[in-house]
1. Hey, Ala24 hits all of (1) exposed (fewer than 13 other Cβ atoms within 10 Å of the Cβ); (2) without any contact (Cβ under 8 Å) to a residue 40 or more places away in the chain but one; which does it fall short on?
2. Yes or no: region 1-20 includes at least one residue that is within 30 Å of Glu139 (Cα to Cα), loosely packed, with under 13 Cβ neighbours inside 10 Å and over 16 Å from the mean Cα position of the chain (by Cα).
3. On the basis of being of a type in the set (A, V, I, L, M, F, W, C) and either surrounded by fewer than 17 Cβ atoms within 10 Å (Cβ to Cβ) or within 15 Å of the chain's Cα centre (by Cα) (or both), does Val123 make the cut?
4. Determine which single condition Leu91 fails, assuming it passes every other condition in (1) at pLDDT below 95; (2) hydrophobic (A, V, I, L, M, F, W, C); (3) touching a strand residue (DSSP E or B) at 6+ places or on another chain (Cβ under 6 Å).
5. Please specify each residue of region 103-155 satisfying the condition of being part of a helix (DSSP H, G or I), under 26 Å from Leu21 (Cβ atoms) and either touching a Phe, Trp or Tyr at 6+ places or on another chain (Cβ under 8 Å) or β-branched (Val, Ile, Thr) (or both).
6. Only residues that are charged (D, E, K, R) and without any contact (Cβ under 8 Å) to a residue 60 or more places away in the chain: list them for region 102-141, please.
7. Against the definition (of a type in the set (A, V, I, L, M), at pLDDT 95 or above, over 18 Å from Trp26 (Cβ atoms) and in a loop (DSSP other than H, G, I, E, B)), how does Ala96 come out, yes or no?
Amino acid sequence: MAETRPQLRPDFWRHYRLDRLTTAEWEALCDGCGKCCLNKLEDADTGEVALTRVSCRLLDSGSCLCRHYETRRDYVPECIQLTPKSLQKHLYWLPATCAYRLVHEGEDLYDWHHLKCGDRQAVHRAGISIAGQAVSEAEVPEEDWEEYIIEEPGT
């Protein structure tokens with residue numbers, strides 16, 4: 001049986017504000033890079049955010065997908081559910097390549113984004129994702145996270 005996909009309006013990210021997207025369009029914006037699932041360290045004095053390669057324990061580091069996306073807050077209550085209303089609050093830590101951030105800022109998606117090229121694996125081939133680079137927070141004590149600080153892939 002063929003998988004049915006929700007209908008997406010052509011180039012919707014170019015024509016509609018984020019708060020005007022359907023649920024399917026909102027979800028489709030995610031490029032699957034996995035960077036938002038990496039733990040960040042924020043300097044209390046400067047507000048500077050450092051990215052680590054320590055991921056949420058639910059992240060599949062090979063596919064860069066959440067193992068329990070629909071029920072993730074049951075496992076990780078502090079998981080941030082990004083919405084059009086919460087986006088502004090969380091922009092400061094979203095990856096520079098994040099489609100939600102780009103569209104919010106009036107920018108177009110990168111050519112490797114699956115909505116432009118039709119290939120969900122392009123994000124990995126372009127070196128944007130954290131595929132194969134992340135280590136689970138279940139394996140690294142929080143006091144050691146500083147040792148895992150990285151530069152954002154693809155920037």
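1. Of (1) exposed (fewer than 13 other Cβ atoms within 10 Å of the Cβ); (2) without any contact (Cβ under 8 Å) to a residue 40 or more places away in the chain, only one is false for Ala24: (1).
2. To start, the set of residues in region 1-20 that are within 30 Å of Glu139 (Cα to Cα) comprises none.
Checked against the condition, which is being within 30 Å of Glu139 (Cα to Cα), loosely packed, with under 13 Cβ neighbours inside 10 Å and over 16 Å from the mean Cα position of the chain (by Cα), region 1-20 yields no hits at all.
3. Details: of a type in the set (A, V, I, L, M, F, W, C): yes; either surrounded by fewer than 17 Cβ atoms within 10 Å (Cβ to Cβ) or within 15 Å of the chain's Cα centre (by Cα) (or both): yes.
Taking the combined requirement at face value, the residue satisfies it.
4. Tallying (1) at pLDDT below 95; (2) hydrophobic (A, V, I, L, M, F, W, C); (3) touching a strand residue (DSSP E or B) at 6+ places or on another chain (Cβ under 6 Å), Leu91 fails exactly one: (3).
5. Val103, Leu115, Lys116, Ala122, Val123
6. Step one: filter region 102-141 for residues charged (D, E, K, R), giving 105, 107-108, 111, 116, 119-120, 125, 137, 139.
Matches in region 102-141: Glu105, Glu107, Asp111, Lys116, Asp119, Arg125, Glu139.
7. Working: of a type in the set (A, V, I, L, M): yes; at pLDDT 95 or above: no; over 18 Å from Trp26 (Cβ atoms): yes; in a loop (DSSP other than H, G, I, E, B): yes.
Considered against the rule, which asks whether it is of a type in the set (A, V, I, L, M), at pLDDT 95 or above, over 18 Å from Trp26 (Cβ atoms) and in a loop (DSSP other than H, G, I, E, B), Ala96 comes out as no.
To keep it simple, each residue is scored yes or no on (1) of a type in the set (Ser, Thr, Tyr); (2) more than 13 Å from the chain's Cα centre (by Cα).
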site	(1), (2)
Thr52	yes, yes
Cys64	no, no
Arg73	no, yes
Cys79	no, no
Leu82	no, no
Arg101	no, no
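The values are calculated or read from the model by the stated rules, or taken from the named source; none is laboratory data. In this text the structure is predicted, and so the values were computed from the model without any measurement. Counting neighbours? That spans all protein chains shown, and the Cβs are built from the backbone with ideal geometry, glycine included.
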